[in-house]
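Written below as structure tokens is the structure these notes are about.
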Amino acid sequence: MNGLKSRGALIVFEGCDRSGKSTQCKLLVEHLRSLGHKIEHISFPDRTTECGKVIDAYLKKKIDLPHETIHLLFTSNRWELANKMKQLLVNGTTLIVDRYSYSGVAFSTTKGLDLEWCKGPETGLPRPDRVFFLQINPTALENRGGFGNERFETTDFQEKVLKIYKQLHDDSWVYIDAFRDRHVILKEIADQTLKVIEKCKTEKLSTLW
Ligand code: DGP
């Protein structure tokens, strides 16, 4: 050891709505805990915080807000949890996070905001050690069920979001074919996550972007 305390890994799941992110997060959390790892599961947006309650009302179409305002609220929602995330990471807990800044930028850019402007307020948030991007053809999403009445839950919108996501990938990203059996997907993701956890132990946490 070089004197650094082992830190946890920041693992993020991204992908279009209904691509299976929440299911894979849950399965991965259970799997890693069963192996004895210290794991916390976080989902964005976290609808329980002060910003989260407004976001929830917006997504359920109870209120309307300018694109810029809701963008900044989604970002603030991540900042509300940023200190807690850093503390957990430096204390050796691995975080499995369902959506992150990439969703923030992809959804707002799809609505017409400038991509670089959208990235601005995300600057300084902890940088993921690995992003698993669950790939599925948005037209196949319609058959998965669960497309409800919330904002953005249309195939047309999701196809546009997908194009922006692809502009955001960096070397932390891995594309996962999400149109397979959930346990096959889990095995691929879990094998990679275990390697990332090992590699991060002695690496300093960095920040976006
Ligand atoms: P979810 O709870 O993961 O189903 O997300 C709810 C919806 O909000 C979904 O359509 C994706 C969208 N969303 C998630 N994060 C963000 C964000 O940071 N910014 C924007 N504009 N939309 C987001």
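The values are calculated or read from the model by the stated rules, or taken from the named source; none is laboratory data. Quantities reported herein were computed from a predicted structural model and do not represent experimental measurements. Don't worry about glycine lacking a Cβ; one is built from the backbone with ideal geometry, like all the others, and counts go over all protein chains shown. With ligands, DNA and RNA removed, areas are computed over all heavy atoms of the protein, side chains included. Shrake-Rupley method; radii C 1.70, N 1.55, O 1.52, S 1.80 Å.
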**Prompt:** Given H placed on each backbone N at 1.01 Å, which residues far from C16 in sequence or on other chains put an amide H within less than 5 Å of it?
**Reply:** I136
**Asked** Which ³J(HN,Hα) values, rounded to whole Hz and listed in residue order, are derived for segment 167-173 from phi using the Karplus coefficients 6.51, -1.76 and 1.60 in 6.51 cos²θ - 1.76 cosθ + 1.60 with θ = phi - 60°, glycine and proline given as x?
**Response** 7, 9, 5, 9, 6, 8, 8
**Asked** Which of these, F107, F147, F13, has the largest mean-square fluctuation under a Gaussian network model of the chain (Cα springs below 10 Å)?
**Response** F147
**Request:** Can you give me the P(r) profile for segment 36-135? Cα pairs, bins 5 angstrom wide beginning at 0, each as a whole percent.
**Result:** 2, 12, 23, 23, 20, 12, 6, 2, 0
**Message:** Under 17 Å between alpha carbons, and skipping anything fewer than 8 positions from K5 in its own chain: which lysines qualify?
**Reply:** K38, K86, K199, K201, K204
**Message:** Ignoring everything except DSSP H segments at least 4 long, calculate the 222 nm mean residue ellipticity for the chain; use -39,500 (n - 2.57) per segment, divide by total residues, nearest 500.
**Reply:** -15000 deg cm²/dmol
**Fill in**
Taking a straight Cα-to-Cα line shorter than 14 Å from K62, and setting aside same-chain aspartates and glutamates fewer than 8 residues away, one finds E150
**Asked** Of the heavy-atom accessible surface of the chain (probe 1.4 angstrom), what whole percent is carbon and sulfur?
**Response** 52
**Prompt:** From Cα coordinates alone, what are the radius of gyration and Dmax values for segment 81-209 in angstrom?
**Reply:** 16.0, 45
**Degrees, to the nearest 10: 21-34 long Cα axis against longest axis of the chain** = 20
**Fill in**
Shape call for segment 1-73, from the Cα gyration tensor axes a ≥ b ≥ c (a/c under 1.5 means rounded, otherwise prolate when a/b beats b/c, else oblate), comes out prolate
**Request:** Mind listing the long-range amide H neighbours of L208? Cut-off is under 5 Å, sequence gap 5 or more, other chains count too, H placed in the peptide plane at 1.01 Å from N.
**Result:** G124, L125, R127
**Request:** Please give every one of the lysines within straight-line cross-link reach of K119, meaning a C-alpha to C-alpha distance under 18 Å, and leave out same-chain neighbours fewer than 8 residues apart.
**Result:** K111, K160, K163, K166
**Prompt:** Can you give the accessible area per residue of segment 42-127, in Å², using a 1.4 Å probe?
**Reply:** 42
**Asked** Per-residue HN-Hα couplings for segment 121-134, Karplus 6.51 cos²θ - 1.76 cosθ + 1.60 at θ = phi - 60°, whole Hz, x for Gly and Pro?
**Response** x, 7, 4, x, 5, x, 8, x, 7, 8, 10, 8, 9, 7
**the chain, relative contact order [Cα under 8 Å, separation at least 6], %** = 36
**Request:** Count the DSSP beta bridges whose two residues both fall in the chain, then state the antiparallel fraction as a percent rounded to the nearest 5.
**Result:** 5
**Prompt:** In what sequence, highest mean first, do 182-191, 124-133, 38-47 appear when ranked by Cβ atoms within 10 angstrom?
**Reply:** 124-133, 38-47, 182-191
**Item:** Rh (Kirkwood; distinct C-alpha pairs) - segment 72-118, Å
**Value:** 11.9
**Prompt:** Can you list the HN-Hα couplings for segment 58-69, worked out from phi with the Karplus curve (6.51, -1.76, 1.60; θ = phi - 60°), rounded to whole Hz and with x for Gly and Pro?
**Reply:** 5, 5, 7, 6, 7, 9, 10, 9, x, 3, 5, 5
